[in-house]
Amino acid sequence: MTKRNHQPKLVRVFKTAWFSKAAKKAHISDAYLCAAINQVMQGQADDLGGGVFKKRLNDNMHRSIILAKAGHHWVYEYLFAKKDRDNIENDELADFRVLAKAYAGLSEAQIEQLLRTKDLIEICHDSQA
């Protein structure tokens, strides 16, 4: 019989390599993104369904698309400037929902592999989130 660990799961926040470049260009820091995730977890974001959230950033100048895995893993996936477009299209939302479901199915070992290959970058963890 195995011993079960009943400690709560840690909150981990990631950004994709693409998002990292876009955020750097928009002068959005990791510390700012970590603070914004706390707001998302408190319901201060648009829940687009299927594990997809839209969060306004940078004094409402940018929008981010964040994908959630059971409220414990959050991935900043896409960033766009409000001046460039109003919103994402329905087909993009459908694709983000598929991607959120794929992230939800990842094991910790798979996440660690994505971190090693720099496809994901961890920006805050547990109490830092």
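The values are calculated or read from the model by the stated rules, or taken from the named source; none is laboratory data. Predicted model only: the values in this text are computed from it and were never measured. Positions of Cβ are backbone-derived with ideal geometry, glycine not excepted, and every protein chain shown enters the neighbour counts. To get the accessible areas, we keep the full protein, side chains included, count just its heavy atoms, and leave off ligands, DNA and RNA. Shrake-Rupley method; radii C 1.70, N 1.55, O 1.52, S 1.80 Å.
What are the pairs, 6+ residues apart or on separate chains, where a residue within segment 63-82 that is within 17 Å of ALA26 (Cα to Cα) has its Cβ under 7 Å from a residue that is in a loop (DSSP other than H, G, I, E, B) and not aromatic (Phe, Trp, Tyr)?
Between residues of segment 63-82 that are within 17 Å of ALA26 (Cα to Cα) and residues that are in a loop (DSSP other than H, G, I, E, B) and not aromatic (Phe, Trp, Tyr), the close pairs are ARG63/LYS82; ILE65/ILE88; LEU79/ALA26; ALA81/MET61; LYS82/ASN60; LYS82/MET61.
Given the residues ASP91, ASP86, ASP119, which is the only one that is among the charged types (D, E, K, R), touching a helix residue (DSSP H, G or I) at 6+ places or on another chain (Cβ under 8 Å) and open to solvent by 70 Å² or more (accessible area, probe 1.4 Å)?
Only one candidate passes the filter, namely ASP119.
Checking the condition at positive phi and within 17 Å of the chain's Cα centre (by Cα), which residue from ASP119, ASP126, ASP95 passes?
ASP126
Do we find a residue being farther than 19 Å from SER20 by Cα, touching a strand residue (DSSP E or B) at 6+ places or on another chain (Cβ under 8 Å) and assigned to a helix (DSSP H, G or I) anywhere in segment 99-119?
Yes, because at least one residue in segment 99-119 is farther than 19 Å from SER20 by Cα, touching a strand residue (DSSP E or B) at 6+ places or on another chain (Cβ under 8 Å) and assigned to a helix (DSSP H, G or I).
Check whether at least one residue in segment 28-39 is open to solvent by 70 Å² or more (accessible area, probe 1.4 Å) and either in contact (Cβ under 8 Å) with a residue 12 or more places away in the chain or farther than 25 Å from ASP126 by Cβ (or both), and report yes or no.
Scanning segment 28-39 turns up at least one residue that is open to solvent by 70 Å² or more (accessible area, probe 1.4 Å) and either in contact (Cβ under 8 Å) with a residue 12 or more places away in the chain or farther than 25 Å from ASP126 by Cβ (or both).
If you go through segment 65-83 one residue at a time, do you hit one that is hydrophobic (A, V, I, L, M, F, W, C) and open to solvent by 80 Å² or more (accessible area, probe 1.4 Å)? Please lay out each step first, then the result.
The first filter runs over segment 65-83 and keeps only residues hydrophobic (A, V, I, L, M, F, W, C), leaving 65-68, 70, 74-75, 79-81.
Filter once more, so that each one left must be open to solvent by 80 Å² or more (accessible area, probe 1.4 Å): 70.
Yes, segment 65-83 has at least one match.
Mind counting the residues in segment 22-37 that are part of a loop (DSSP other than H, G, I, E, B) and under 20 Å from ASP95 (Cβ atoms)?
Final tally of qualifying residues: 0.
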